[in-house]
Amino acid sequence: MPLHTPAKRHGDGRAAVGNVGRPPVGWAVPGILFFAVFAIVPLAIAVYLSFCDWDGLDSPTLTGLDNWTRLFKDSEFGQAAWLSLLLTTISWAFQTPVALLLGVWAAGRQRSRAVLSAIFFIPLLLSTTAIAMLFHALLDPNFGVIKEIGPWIGIDPNVMGSSTGALLVVAFVGGWQFMPFHTLIYQGGARQIPEVLYQAASIDGAGMVRQFFHITLPQLRHTMTTSSVLMIVGSLTYFDTVLIMTKGGPGTDTTILPYLMYRTGFQSYDLGYAAAIATALVVVATSLSLILVRFSGFGSMRSTREGM
Amino acid sequence: MSTDTRPAAPRHTSPVVPPRPGPSRRRRRLGNPLAGLGSLVWLVLVLVPLYTLVSASLMRQDEALDGDPLALPTDPTFDNYDTVLNSGFLTLLANTAIVAVATVALVLVLCVPVAYVAVRTRSRLSSLAFRTFLLGVAIPAQAVIVPLYLLIGRMGLYDTLYAIILPTAAFSMPVAVLVLSGTMRDVSEEMYEAMSLDGASPFRMLWQLAVPLSKAGISTVAIFSALQAWNGFLFPLILTQSEENRVLTLGLFTFMTQFGVNIPAVLAAIVLSVVPIFAVYLVARRALVNGLMGVGGK
Amino acid sequence: MRSGIFTSGTRTTRWVAAGAAMALAGLLAGCGSGGGGADGGTITAYVYGDDAVKVQQAAVDSFNKTSDVKVKLVSVPGTDYVNKLRSSMGSPSAPDVFFNWGGGSIKPYVDSKDLVDLTSTVKKDATLKDGFLPSVMTAGSLDGKIYGVPMRGMQPVMLFYNKTLFAEHKLQVPRTWEDLQKAITTFKAAGITPFALGGSDKWPELMWMEYLLDRIGGPEVFQRIQNGDTDGWGDPAVLRTAQTVRELIDDGAFGKNFHSVDYGNGGAPTLLNKGKAAMHLMGSWEYSTQLGKAPEFARNDLGWTAFPTVAGGVGDPANVVGNPTNYWSVNARTKHKDTAIAFLRTMASKTYAQALVDNGDIPTTSDAASMLSTSPNPEFANDQYQLVQKAPSFTLSWDQALEARYATPLLTEISKLFAGTTTPEKFVEAMKAAE
């Protein structure tokens, strides 16, 4: 790369300083190409396939809007979309307050907090598969821990067999795994809040609760957006847990969109329709995160430093 | 509580605002009673499953089925671990390590230049690329799995470790670019100017200024993408087939059907799958924790 | 505000650097393990991965001793088998020979001309032609053409029960619907689940549908559906079947938590051998499953019988449902068709049949009857053989008889019926409307 530089290096004044040392845009090309090949192009193909009939063996045949009209009439798709939305909402409502409180709490530097934080981190070390299998074993109505513990904490040992129970379990297991991650994000965010703000507030006589709501929360705005986007995309694409723990059941009561897509695509081999479901999923996930990003200003090309 | 336990070096605080012992003591109490209690509840929720995991993995099958699941194993046995280790566990581990390391390397090699260009140039192309990556955060892997399966097949990569590495890397890129450009943006313009006055090439600026100063972001990205690879299930499930290319997550899933209600063996497999990453955690806890904190901290 | 992540220190750097170095090594190593497959001298055979694989492995090993082209057996975990086969058949690394259930399970491959038509090969070859029971050979064919050679034991679905529990409660083994009702009432009163059911896996629920429909309406009802007439679901017998299922569930015949019990991970068999459930409707492999999990129980307390009659039903109570057997089919794109067929011929050999018998399977070879006395459990082997031999009709499991694009929605609808999220009437409507 040194070949590029000599030309303008000795130019005069400020203009030169502005341009010299700017990297050639070409440097980004390999990364962009790679991402395009393995993410953007497949996405485009998915959109194309959503207009086709394809069983995975012969070549896809175009069928126009068939899959899409079917999608809007399909009560199973409706249910799956609703369940996905429900799961996302429950996950967010469960994880955000807990992670926020734990994160702010863990931002303190006492030894005890450090020790607890170290323990809280452990679930993140287990893979999703391992966690789903662990809870599957724990929640077995006949042979799991739930049989013993369930009754004295008020949980029906057959929690996985009930429609609401199964969905809540899936949300809980997700929370169990990713809570440390979001806690860390909030912890990091909380540690960046300038001490001066609290100092000023306490001079003004603001109490702990007031400080939390007037300083901590607003200051964690960006953190909350990042965490929420990751949570929402995460819960919308929940798959391993459902496959291992419930297989979409009982009945179809935990058949969320990604699982419906998997079942349609890789069990029924109705790959065209599966692509339509997938495309719908992308549209929903993207618009949700776009709304969130717009709403909070995260991701605009500026440093978090601005606006402080 | 009144003894100041703050570590001597202010490792985590901003270099701009120095730590002030006075107010920090007040701040430390923030959210204390509620969050303190909550954290204890959470501690129980975290520990009970983990305890059962380890203790039941040491039981014989009968004891695990009949006994009180919370009791300590009466007659601890490592047979379950033997069973798992003799079921090709080491291959799974090696494959997972290869996938994780290759994914991290690929993500870093590709994303550092992208982030650097996004931060240091103002061309329309770079901002378009940046926005594409931003949107990419919301593309679920499930959505593209059908075409990917087609694509990987056409490339002749079906049932190879590449079939896992390449898409996993691609799907770690959006967050990687976001995090990296976040940290690189914090490198001040004055430092670049100083370097360019010294006649540094863009490459030298990247290598000697931006990269060293973005170490934190780079480790965040490394950890994040390693975690993606470590956790990946869908890509291995759909894009690989044979035993020699099986990774841990898929291997665990296979164990579940293979060992059936031999719950102790399944749990032993889970424990074994955690051991290596737990070792990493013990050695590099600070790096891991700080790295993940960086996902939100930009 | 600068983020705190600037402080990660040198340890991180080293970590990352080490990672990068290993990555390169990893990429190189990855090359080695890639690429496999068609390197001239081997053919790949996919087999459903369960306890019986060792029999096929032994056959492969002895075949490889004399063959120049070697067979490589790939054992695909059971639950993934269908998906994995499908995925790889569409890819360049497709197997040369693969395990299947005949019928609808191979229809898509036949339609896309992926299978070798074995009809003429079999007709010319006495070993293959006369080696197997004709009915089983027929069951594996499609439109009168043979695409598969039988390679495992017969797997009828039978009613297994816990002998001790039946003795304790002074009950007769159920032969009629009244017997069954009485058993359900008695066991329920004793706090024992009448029937173990792995509802989480869905297909064990299907077995109930298959037998009930067969007993209520006879095998013709499903035959019509299998031939592609979805209106067949409108037959009143289907509705009766679905209603009977609901009655059994409401009656508590399966207990309360069957939705979260698996077969795959052994939950349901364990309920039976622990005496927590009295009966279990399952394929004949239940015997070897129990032998593996609870040998004591399998030898002393495990009983088996045919599915009882259903009041008012027109189906012959001697009929059987399940899997007649499994087949090897040959990929049309194989480079070593002759080797593949030579390997298939070994399936008709006495050695192979004997190996199956030793493993507790009942081979479908024509001379199997004489070998059964050497089976680990001759009683079970003989009963099972008799059951199948005397059956006027052997209905192939619905999820194998139908193509995946019909079978998957069927399983989903059935699991909804069992979960109580659909009614028998809606079930019938949904099946009639299936595309």
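The values are calculated or read from the model by the stated rules, or taken from the named source; none is laboratory data. Predicted, not measured: the structure shown is a model, and the values here were computed from it. Quick reminder, even Gly has a Cβ in these numbers, built from the backbone with ideal geometry, and neighbours come from all protein chains shown.
When segment C:92-111 is filtered for residues that are farther than 26 Å from residue C:395 by Cβ and surrounded by fewer than 20 Cβ atoms within 10 Å (Cβ to Cβ), only C:92 remains.
Suppose the filter is modelled with pLDDT of 80 or more, farther than 30 Å from residue B:120 by Cβ and more than 14 Å from chain C (Cβ to nearest Cβ); does residue A:279 pass it? Yes; evaluated as a whole, the condition is true for this residue. Residues in segment A:226-242 that are touching a residue at least 60 places away in the same chain (Cβ under 8 Å), outside any loop (DSSP other than H, G, I, E, B) and not β-branched (Val, Ile, Thr): A:227, A:228, A:231, A:234, A:235, A:236, A:240. Within segment B:71-102, how many residues are more than 27 Å from residue A:146 (Cβ to Cβ), in contact with a Phe, Trp or Tyr (Cβ under 9 Å, 6 or more places away or on another chain) and surrounded by 24 or more Cβ atoms within 10 Å (Cβ to Cβ)? Adding up the residues that qualify gives 4. For residue C:263, the stated conditions hold: it is out of contact with any Phe, Trp or Tyr (no Cβ under 6 Å at 6 or more places or on another chain), crowded, with 21+ Cβ neighbours inside 10 Å and not charged (D, E, K, R).
Search segment C:398-425 for residues being facing another protein chain (nearest Cβ under 9 Å) and not in a helix (DSSP H, G or I), and hand back the single one that is surrounded by the most Cβ atoms within 10 Å (Cβ to Cβ). Filtering first and then ranking leaves C:422. Could you list all residues from segment B:201-225 that are facing chain C (nearest Cβ under 8 Å) and surrounded by 24 or more Cβ atoms within 10 Å (Cβ to Cβ)? Listed by number, the residues that qualify are B:216, B:217, B:218, B:219, B:220, B:222.
The residue pairs whose first member lies in segment C:60-85 and is surrounded by fewer than 18 Cβ atoms within 10 Å (Cβ to Cβ), whose second member is part of a strand (DSSP E or B) and at pLDDT below 85, and whose beta carbons are closer than 6 Å, counting only pairs six or more residues apart or on different chains, are C:78/C:49. Checked against (1) in a helix (DSSP H, G or I); (2) of a type in the set (Val, Ile, Thr); (3) facing chain A (nearest Cβ under 10 Å), residue C:428 passes all but a single condition, namely (3). The single residue among C:42, C:7, C:79 that is within 13 Å of chain B (Cβ to nearest Cβ), farther than 30 Å from residue C:408 by Cβ and at pLDDT below 75 turns out to be C:7. Looking at C:88, C:105, C:135, just one residue is touching a residue at least 12 places away in the same chain (Cβ under 8 Å) and over 23 Å from residue C:384 (Cβ atoms), and that residue is C:88.
Could you please let me know if residue A:104 is in contact with a helix residue (DSSP H, G or I) (Cβ under 8 Å, 6 or more places away or on another chain), more than 30 Å from residue A:209 (Cβ to Cβ) and within 8 Å of chain B (Cβ to nearest Cβ)? Here the answer is no, as residue A:104 does not meet what is asked. Within segment A:37-55, the set of residues being buried (at least 18 other Cβ atoms within 10 Å of the Cβ), of a type in the set (A, V, I, L, M, F, W, C) and either within 7 Å of chain B (Cβ to nearest Cβ) or out of contact with any Pro (no Cβ under 6 Å at 6 or more places or on another chain) (or both) comprises A:38, A:39, A:40, A:43, A:45, A:46, A:49, A:51. Considering only residues in segment B:136-174 that are among the β-branched types (Val, Ile, Thr) and assigned to a helix (DSSP H, G or I), the one that is modelled with the lowest pLDDT turns out to be B:146.
Quick check, is residue C:395 crowded, with 21+ Cβ neighbours inside 10 Å, outside any helix (DSSP H, G or I), touching an Asp or Glu at 6+ places or on another chain (Cβ under 8 Å) and among the polar types (S, T, N, Q)? The answer is yes for residue C:395. Entry remark, segment C:198-234: residues being farther than 29 Å from residue A:247 by Cβ and either acidic (Asp, Glu) or in a loop (DSSP other than H, G, I, E, B) (or both) number 5 in total.
To keep it simple, each residue is scored yes or no on (1) more than 10 Å from chain B (Cβ to nearest Cβ); (2) in a loop (DSSP other than H, G, I, E, B); (3) at positive phi.
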site: A:140; (1), (2), (3): no, yes, no
site: A:146; (1), (2), (3): no, no, no
site: A:180; (1), (2), (3): no, no, no
site: A:206; (1), (2), (3): yes, yes, no
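Across segment C:270-291, the qualifying residues are those that are in contact with a strand residue (DSSP E or B) (Cβ under 7 Å, 6 or more places away or on another chain) and within 13 Å of another protein chain (Cβ to nearest Cβ), and the one among them that is surrounded by the fewest Cβ atoms within 10 Å (Cβ to Cβ) is C:275. Check segment C:316-337 and report whether any residue there is more than 14 Å from every other protein chain (Cβ to nearest Cβ), crowded, with 24+ Cβ neighbours inside 10 Å, touching a residue at least 24 places away in the same chain (Cβ under 8 Å) and in contact with an Asp or Glu (Cβ under 6 Å, 6 or more places away or on another chain). Yes, segment C:316-337 contains at least one residue that is more than 14 Å from every other protein chain (Cβ to nearest Cβ), crowded, with 24+ Cβ neighbours inside 10 Å, touching a residue at least 24 places away in the same chain (Cβ under 8 Å) and in contact with an Asp or Glu (Cβ under 6 Å, 6 or more places away or on another chain). Scanning segment C:251-268 for residues that are assigned to a loop (DSSP other than H, G, I, E, B) and either more than 21 Å from residue B:254 (Cβ to Cβ) or away from chain B (no Cβ under 14 Å) (or both) yields C:251, C:252, C:253, C:254, C:255, C:256, C:257. Checking the stated criteria, residue A:260 turns out not to satisfy the condition of being in a helix (DSSP H, G or I), more than 7 Å from every other protein chain (Cβ to nearest Cβ), aliphatic (A, V, I, L, M) and closer than 24 Å to residue A:191 by Cβ. Please verify whether residue A:86 is over 27 Å from the mean Cα position of the chain (by Cα) and either outside any loop (DSSP other than H, G, I, E, B) or surrounded by 15 or more Cβ atoms within 10 Å (Cβ to Cβ) (or both), treating the condition exactly as stated. The answer is no for residue A:86.
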